[in-house]
Amino acid sequence: MTTQFFNRALIVFLSVALSATFTLTGCGGGDDAGGGGDATPTKTDDGGSKASGGGDRTPFPAAKATASVSGKVMFKGDKPTVKKIRIQGDDFCMAQHPTAPNDETYLIGDDNTIANVFVYVKSGADKWEFKVPSTPVMLEQKGCTYMPHVFGIMAGQTVTVKSSDETKHNVHFKGKKNKAFNFSQVFNQSDDQKFSREEIMAPVECDVHSWMRSYANIVYHTLHDVTAAGGAFELPKLPPGDYEIAAVHEALGTQTQKITVADGDSKTIEFTFSK
């Protein structure tokens, strides 16, 4: 009798202990567990970024960010032929472009400056955590064209995609490191999306209008810029230190330069691409 009671008590004890162990294991968060809200994205081992509230990085020292790097992006050699876009299959789009518009791949000025080049701090800012900007980046479909053609955004920041066209569009993100999205939009519709991983020159297309394309550049910080007409860029508010600056063009590739800035420095660099 005593032995049977002891065995039953032992079985009950082991069952309760085992159940508690499974419960704790199931509720425990893994490395990718999110904490909710706009967590600061941090760089992963494979060069991407993920939302994380912790890590061994320190907050970006904004008070010490007194240096800046600026410059221009130039083209050397024979300029590529600018192609014309053939607008067809949509009466609204055709009405917006009585003459065929230029393809935006090679926007090279008379002074050989290049627009639509994404310039960012590739390395040197890894030790800091950056606050995700609360202001969304706007990607607009206007005149059956994506505006802007190239944009930069921080991982975790909102991109608002809006259609200003009185026709049906399709928004298809075709990145390789971030989760794809694909949805339709009608006039005055807007949708918010977020990216979680670092990825450069990730295409956003329209399956309805094959000529429509924009490029998202997702990084884990706010130290980036896109050249406009004139090829100029500026990376303000850099703390003293060593940096690698990268310039990326959708067709001409990537160039990098290493630079050291001291407190209060205003340094100038130039990137030159050729085909």
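The values are calculated or read from the model by the stated rules, or taken from the named source; none is laboratory data. Because the structure is a prediction, the values reported are computed rather than measured. Ideal geometry is used to build each Cβ from the backbone, glycine not excepted, and the neighbour counts take in all protein chains shown.
Within segment 71-92, which residues are assigned to a loop (DSSP other than H, G, I, E, B) and of a type in the set (Val, Ile, Thr)?
Scanning segment 71-92 gives Thr81, Val82, Ile85, Ile87.
For every residue, the table says whether it meets (1) out of contact with any helix residue (DSSP H, G or I) (no Cβ under 9 Å at 6 or more places or on another chain); (2) among the small types (Gly, Ala, Ser); (3) closer than 24 Å to Asn170 by Cβ.
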| position | (1), (2), (3) |
| --- | --- |
| Ala202 | yes, yes, yes |
| Ser214 | yes, yes, yes |
| Ile218 | yes, no, yes |
| Asp225 | yes, no, no |
| Glu234 | yes, no, no |
| Leu238 | yes, no, no |
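Would you be able to say whether some residue in segment 163-182 is polar (S, T, N, Q), more than 20 Å from Asp90 (Cβ to Cβ) and not in a loop (DSSP other than H, G, I, E, B)?
Let us first name the residues in segment 163-182 that are polar (S, T, N, Q), namely 163-164, 167, 170, 178, 182.
From what's left, more than 20 Å from Asp90 (Cβ to Cβ): 178.
With the extra rule that they be not in a loop (DSSP other than H, G, I, E, B), the set shrinks to none.
No, segment 163-182 contains no residue that is polar (S, T, N, Q), more than 20 Å from Asp90 (Cβ to Cβ) and not in a loop (DSSP other than H, G, I, E, B).
Looking at (1) closer than 23 Å to Glu129 by Cα; (2) outside the structural domain of Ile153 (by TED's automatic domain parsing); (3) assigned to a strand (DSSP E or B), can you tell me which one Gln193 breaks?
Result: Gln193 passes all but (2).
For segment 93-103, which positions are in a loop (DSSP other than H, G, I, E, B) and either of a type outside the set (Asp, Glu) or over 19 Å from Phe151 (Cβ atoms) (or both)? Don't jump to the end; show me each part of the working.
Of the residues in segment 93-103, the ones in a loop (DSSP other than H, G, I, E, B) are 97-101, 103.
Across segment 93-103, the qualifying residues are His97, Pro98, Thr99, Ala100, Pro101.
For segment 218-242, enumerate the residues that are of a type outside the set (D, E, K, R), touching a strand residue (DSSP E or B) at 6+ places or on another chain (Cβ under 9 Å) and over 21 Å from Val132 (Cα atoms). Steps first, please.
From segment 218-242, those of a type outside the set (D, E, K, R) are 218-224, 226-233, 235-236, 238-241; that's our starting set.
Cutting the leftovers down to touching a strand residue (DSSP E or B) at 6+ places or on another chain (Cβ under 9 Å) gives us 218-224, 226-227, 229-233, 235-236, 238-241.
If the condition is that a residue be of a type outside the set (D, E, K, R), touching a strand residue (DSSP E or B) at 6+ places or on another chain (Cβ under 9 Å) and over 21 Å from Val132 (Cα atoms), then Thr227, Ala229, Gly230, Gly231, Ala232, Phe233, Pro240, Gly241 are the ones that fit.
What are the residues in segment 221-238 that are surrounded by fewer than 19 Cβ atoms within 10 Å (Cβ to Cβ) and assigned to a loop (DSSP other than H, G, I, E, B), if any?
Of everything in segment 221-238, those that are surrounded by fewer than 19 Cβ atoms within 10 Å (Cβ to Cβ) and assigned to a loop (DSSP other than H, G, I, E, B) turn out to be Ala228, Ala229, Gly230.
Can you tell me which condition Ile218 does not meet? The list is (1) in a strand (DSSP E or B); (2) in contact with a Cys (Cβ under 8 Å, 6 or more places away or on another chain), and all the others hold.
(2) is the only condition that Ile218 fails.
Got a number for residues in segment 104-153 being of a type in the set (Asp, Glu), surrounded by 15 or more Cβ atoms within 10 Å (Cβ to Cβ) and either part of a loop (DSSP other than H, G, I, E, B) or without any contact (Cβ under 8 Å) to a residue 24 or more places away in the chain (or both)?
Kept after step one, since they are of a type in the set (Asp, Glu), are these residues of segment 104-153: 104, 110-111, 126, 129, 140.
Cutting the leftovers down to surrounded by 15 or more Cβ atoms within 10 Å (Cβ to Cβ) gives us 104, 129, 140.
From what's left, either part of a loop (DSSP other than H, G, I, E, B) or without any contact (Cβ under 8 Å) to a residue 24 or more places away in the chain (or both): 104.
Residues flagged as of a type in the set (Asp, Glu), surrounded by 15 or more Cβ atoms within 10 Å (Cβ to Cβ) and either part of a loop (DSSP other than H, G, I, E, B) or without any contact (Cβ under 8 Å) to a residue 24 or more places away in the chain (or both) within segment 104-153 amount to 1.
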